[in-house]
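The values are calculated or read from the model by the stated rules, or taken from the named source; none is laboratory data. Not measured: the values here are computed from a predicted model. Please note: Cβ atoms are built from the backbone with ideal geometry, for glycine as well, and neighbour counts cover all protein chains shown.
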Amino acid sequence: MSTSFRERHVAIVGGGLVGILAVLYFAKRGWAVSLFELREDLRVQGNKKNILHRSINLALSARGLSALKNATHGLDEKVLEFAIPMKGRMIHSGEGKLKSQPYGVFGECIYSVEREILLELLLNTAAKFMNVKMYFQHQLKRCDFDIGKLEFENKKTGKQVEYSADLIIGADGAFSTVRTQIMRTVRMDYSQEYISHAYLELIVPPKVNDNGEEEFAMDPNHLHIWPLHSFMMIALPNRNKSFTCTLFMPFEKFDAIKTEDDLMEFFKKYFPDSIPLLGEDRLKKEYFRNPKGSLMSVKCKPYHYKDRAIIIGDAAHSMVPFYGQGMNCGFQDVEILDGIFEEYNISAVRNDDKLALALEEYTRRRYPDAISICDLAMYNYIEMRSSVINPWYLLRRQVEGT
Ligand code: FAD
């Protein structure tokens, strides 16, 4: 074991929400931080549409807020300035009947926040640290953890480039290359499960009131749900007074809708009250234009390799989105890792400490919770699409044969 007193270098692979939050925590600890992200910089004009590949908005909960709060002073408050509180679920019967189900008796709420705004805020905060370097359009190809070497393809130049780091953090999402590389050296248990449902996003635009002003077409302080047992649609509010609706249903159901007539017949049968909100023309255009995303759950163990590497966020535990906790759980990973670094007194300038033990402790402590959240997310799909429905409504649907 050698002792040196230079600044330690962490390479964070993946500049999604979780990776950038990790940048903030490590920068605050005084490490030299390099972030490597496959895509272009979101903050550069014209890049947004290439980067925001999925879910326009997200539900941010207490778990995620706590991690933001402890990253840098006031970050949680800054995020909340751009967020819309959702105090409960609003259950749509389909024919226009609404039922509010509050999340708590003391006004507890979750927040709808746009992915783009959150990413931009995190990136701008990271850019303020002198000890942070960010490399975009860098795709990790392989790493040699024992000598701390990372090989990237620079997507702009097409050239292979190498970097070195004391610690490598994989925050590179569900199809993580860092995870694949760890699997080559560690006996990692791994499972991946695709569910039979896909998702498609649609927009409910703002409505114009009698004074010519734009306003929300539905109550913005609820997470709206149209539960139909084997499938469902949800809607979360955006700051521009629109809603992003997400239709979750089996691939076969999507495939069965081949024409505009099929689509309108389907919506009239199952989501009639949503048609005036979505607008018939817009619905037809978006339904056939927008991509249908697949959904999967990833579980693995361990999350670390010696004192050299660790995976966090979706790279460690991708989950189906029905519990609204994927990002929140990834944020919490970072906060917990930081807490363990504190407990083990991990230094930013020495390498004679207990980093290997700290990373091992992270796997030991985090795995049971991460697995539980993955399982709860799977369970909540049934809750959201089915159990939220009142017995009387269930009965009526059965009588009507829908
Ligand atoms: P990602 O967001 O996937 O980021 C990984 C990054 O790594 C990407 O930027 C990618 O370009 C980069 N990358 C990948 N490979 C490489 C490589 N080889 N080299 C360099 N960079 C690489 N979560 C919630 O908490 N609340 C919600 O309401 C919610 N709703 C959701 C709705 C839907 C429809 C979906 C699909 C997900 C939802 N989630 C939600 C989950 C959430 O989106 C994810 O958990 C979260 O984005 C994970 O963040 P991440 O940074 O770990 O991974």
**Study point:** Sole residue being surrounded by 18 or more Cβ atoms within 10 Å (Cβ to Cβ), assigned to a helix (DSSP H, G or I) and away from the ligand (no atom under 16 Å from the Cβ), chosen from Ala358, Ala316
**Key:** Ala358
Check your understanding: Out of the residues in segment 319-332 that are at pLDDT 95 or above, more than 6 Å from the ligand (Cβ to nearest atom) and not in a loop (DSSP other than H, G, I, E, B), which is farthest from Arg366 (Cα to Cα)?
Key -> Phe331
Check your understanding: Can you find a residue in segment 185-195 that is over 25 Å from Leu24 (Cβ atoms) and among the aromatic types (Phe, Trp, Tyr)?
Key -> yes
Revision key, fill the gap. Scanning segment 340-355 residue by residue, the ones that are on the phi < 0 side of the Ramachandran plot and surrounded by fewer than 14 Cβ atoms within 10 Å (Cβ to Cβ) total 4
Study note, to complete from the structure: Filtering segment 66-91 down to residues that are in a strand (DSSP E or B) and crowded, with 18+ Cβ neighbours inside 10 Å yields Ile84, Met86, Gly88, Arg89, Met90, Ile91
Revision key, fill the gap. Here the residues within segment 12-46 that are under 16 Å from the mean Cα position of the chain (by Cα) and among the small types (Gly, Ala, Ser) are Gly14, Gly15, Gly16, Gly19, Ala22
Review point. Does Leu58 meet the test of being free of Cβ contacts under 8 Å to residues at least 60 places away in the same chain and not in a loop (DSSP other than H, G, I, E, B)?
Key: no
Exercise for review: Determine, yes or no, whether Ile225 is outside any strand (DSSP E or B) and over 17 Å from Leu295 (Cα atoms).
Suggested key: no
Check your understanding: Can you spot a residue in segment 97-108 that is more than 25 Å from the chain's Cα centre (by Cα), outside any strand (DSSP E or B), away from the ligand (no atom under 15 Å from the Cβ) and among the hydrophobic types (A, V, I, L, M, F, W, C)?
Key -> yes
Practice item. Could you tell me which residue of segment 144-170 is farthest from Leu337 (Cα to Cα), considering only residues that are in a strand (DSSP E or B) and near the ligand (Cβ under 10 Å from one of its atoms)? Key: Glu153
Review point. Can you tell me which of Met233, Met296 is within 15 Å of the ligand (Cβ to nearest atom) and either free of Cβ contacts under 8 Å to residues at least 12 places away in the same chain or crowded, with 18+ Cβ neighbours inside 10 Å (or both)?
Key: Met233
Check your understanding: Going by the conditions given, is Tyr393 under 20 Å from Ala11 (Cβ atoms), of a type outside the set (Lys, Arg) and either modelled with pLDDT of 95 or more or outside the structural domain of Leu150 (by TED's automatic domain parsing) (or both)?
Key -> no
Review point. Going by the conditions given, is Ile117 of a type in the set (A, V, I, L, M, F, W, C) and assigned to a strand (DSSP E or B)?
Key: no
Exercise for review: State all residues of segment 152-198 that are surrounded by 17 or more Cβ atoms within 10 Å (Cβ to Cβ) and closer than 16 Å to Gly15 by Cα; if no residue qualifies, say none.
Suggested key: Phe152, Ile168, Ile169, Gly170, Ala171, Asp172, Gly173, Ala174, Ser176, Thr177, Val178, Arg179
